[in-house]
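The values are calculated or read from the model by the stated rules, or taken from the named source; none is laboratory data. Since the structure is predicted, the reported quantities are computational estimates derived from the model, not experimental observations. As a convention, Cβ positions derive from the backbone with ideal geometry for all residues, glycine included, and neighbour counts pool all protein chains shown.
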Amino acid sequence: MEQLAVLGAGYVGLVTAACLAELGHRVTCIEVDGRRLMALKAGQLPIYERGLPELIWGNAQRGRLFFSDDFGEIADADAIFVAVPTPSGENGEADISFVRQAVYSLIPHAKRGVLLIIKSTVPVGTADRISQLPPVLKAGIEVVSNPEFLRQGTAVRDFLQPERVVIGAESAQAVERVARIYASLEASIVSVDRRSAELAKYTANALLATRISFINEISHIATAVNADIDDVARIVGMDRRIGPAFLRSGLGWGGSCFPKDVLALTSAAARYGCHTPILRAVYEINELQREHAAQLLIDALHGIDDPIVAVLGVAFKPNTDDVRGSPALTIAERLLGNGVTVRIHDPFALVNASDVLARIDCRPDPYSALEGADALLLATEWEEYETLDWTLVRETMRGKTVVDGRNVLNGGHLTELGFRYRSFGRPEHKLNGNGTHHNINGSIPGVAGEGVE
Ligand SMILES: NC(=O)c1ccc[n+]([C@@H]2O[C@H](COP(=O)([O-])OP(=O)(O)OC[C@H]3O[C@@H](n4cnc5c(N)ncnc54)[C@H](O)[C@@H]3O)[C@@H](O)[C@H]2O)c1
């Protein structure tokens, strides 16, 4: 058992702290946001993540997990994990001021020789620069890059069963110390230098975003030539060199990571004089997808007085309450700007959504959102939308436009019921009884249900 500290009780910090405690360590999680800390101390989780409450409260009860805002409580820690935000700053560069602040706050309290493990996604060279800060050198602090690859929605499983644990360190001793913390996980440890670890994290996110933007670009070609993007993606994904993941077309990617990481990599590259046309296109295509969806809706509402759109799902992907970078919100804002009334439903993200966009009308169930609506946008493929009673939906809505932002609904069935079904690269001929689209449970191997970041 090691004494550990985690700075930041957000999506990464809370999962890291809970899972490290689950591995048997004694963990103190430091959070500077008073409201968040108060909630945690009162036994309320500030985020929704499956499997996390059990780990948090179980380990808190066993005396292995503590929450505090007092940096003095990290004094016994052998290693300190940094999991604070790195949002987009000026020109898209990563803003590392939270990391800097966290480091300066811990230095006066940390044990000599403590291991400082950077989990936040930071620009290449950040760990090197921190290691050269005079107070860090003076305190003999060893800085390690240990980028996090968990996905919201499956974060606990991703942490406890990782595909790899990347340790970017400049000494074999530091690698050994970090590896010891993770020793009870069955994981491949990849030991590299700090800069490669930092760049690998950005590269992974940028590549995943690229796959989605790429298939979205192809989906427009599919529409033009009347081919089926689902079939195209399935065939292409069966090639082992390519694989099926992240090849579903629709509204594109969002979340707190892909947008800021693609931007941060692009702007860092520019600073080094590197030309990055792919990264720029990946971002632009994603923006265009949202615009395309908004335009589909606006066109469908043409001539209707006081139009109403119901948006089902506002979290950036299913199984999270996170609305950062959510395509649903961008589209909702565009619709509001066009005089459309926007009603939304989401099983977990309504509070977060209304914090961002106060003018949207939040509804407690999908049918209430759909009542009298002229169009429906399915923006997040939550499982509960699988079981919607479409006959009832047809009776409830005033209009009949359905924009399937995730290509998960059974378009043929909806067309038979009288809906005007719009998707991203699914052909018209399949809507006329000549074929069926996969439904939300559909059998597009490895594609359906993966969630889009
Ligand atoms: N969310 C993800 O899925 C994910 C996955 C991999 C990596 N990351 C990276 O991890 C980092 C954290 O992301 P997140 O989504 O957990 O952010 P978050 O915003 O959910 O949580 C960060 C927390 O850190 C707290 N904080 C800020 N400054 C602090 C300080 N000085 N001391 C202690 N706490 C402080 C904030 O109040 C907040 O609660 C980012 O760099 C992100 O890119 C995120």
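For Val323, state whether it is touching a helix residue (DSSP H, G or I) at 6+ places or on another chain (Cβ under 8 Å), assigned to a strand (DSSP E or B) and modelled with pLDDT of 95 or more. When the stated conditions are applied, Val323 does not pass them.
Within the stretch 89-113, the only residue that satisfies the criterion of being part of a loop (DSSP other than H, G, I, E, B) and within 17 Å of Pro147 (Cβ to Cβ) is Ile96.
When Gly113 is tested against the conditions (1) closer than 22 Å to Ile74 by Cα; (2) within 17 Å of the chain's Cα centre (by Cα), the lone failure is (2). Going by the conditions given, is Ile107 surrounded by fewer than 18 Cβ atoms within 10 Å (Cβ to Cβ), more than 24 Å from Ala206 (Cα to Cα), touching a helix residue (DSSP H, G or I) at 6+ places or on another chain (Cβ under 9 Å) and in contact (Cβ under 8 Å) with a residue 12 or more places away in the chain? Yes. Of the conditions (1) among the hydroxyl-bearing types (Ser, Thr, Tyr); (2) in contact with a strand residue (DSSP E or B) (Cβ under 9 Å, 6 or more places away or on another chain); (3) surrounded by 24 or more Cβ atoms within 10 Å (Cβ to Cβ), Thr320 fails just one. Which one is it? With (1) among the hydroxyl-bearing types (Ser, Thr, Tyr); (2) in contact with a strand residue (DSSP E or B) (Cβ under 9 Å, 6 or more places away or on another chain); (3) surrounded by 24 or more Cβ atoms within 10 Å (Cβ to Cβ) applied to Thr320, the lone miss is (2). Just one of the listed residues (Asp95, Asp78) is closer than 24 Å to Val166 by Cβ and without any contact (Cβ under 8 Å) to a residue 24 or more places away in the chain, and it is Asp95. For the stretch 71-88, enumerate the residues that are part of a loop (DSSP other than H, G, I, E, B) and within 11 Å of the ligand (Cβ to nearest atom). Residues satisfying the conditions are Ala83, Val84, Pro85, Thr86, Pro87.
For the stretch 166-180, the condition of being of a type outside the set (Lys, Arg), within 9 Å of the ligand (Cβ to nearest atom) and surrounded by fewer than 17 Cβ atoms within 10 Å (Cβ to Cβ) holds for none of the residues. For the stretch 303-312, the count of residues that are more than 16 Å from the ligand (Cβ to nearest atom), over 25 Å from Trp382 (Cα atoms) and acidic (Asp, Glu) is at least one.
Condition test on Thr380, is it surrounded by fewer than 21 Cβ atoms within 10 Å (Cβ to Cβ) and among the β-branched types (Val, Ile, Thr)?
no
Give the residues of the stretch 224-247 that are on the phi > 0 side of the Ramachandran plot and buried (at least 21 other Cβ atoms within 10 Å of the Cβ), sorted by residue number. Passing the criteria: only Phe246.
Is there a residue being among the aliphatic types (A, V, I, L, M), in contact (Cβ under 8 Å) with a residue 60 or more places away in the chain, touching a strand residue (DSSP E or B) at 6+ places or on another chain (Cβ under 9 Å) and more than 28 Å from Val124 (Cβ to Cβ) anywhere in the stretch 265-278? No, the stretch 265-278 has no match at all. Residues considered: Val166, Val124, Val156. Of these, the only one that is touching a residue at least 40 places away in the same chain (Cβ under 8 Å), of a type outside the set (Phe, Trp, Tyr) and not in a loop (DSSP other than H, G, I, E, B) is Val156. The condition of being touching a Pro at 6+ places or on another chain (Cβ under 6 Å), crowded, with 18+ Cβ neighbours inside 10 Å and assigned to a loop (DSSP other than H, G, I, E, B) does not hold for Gly250.
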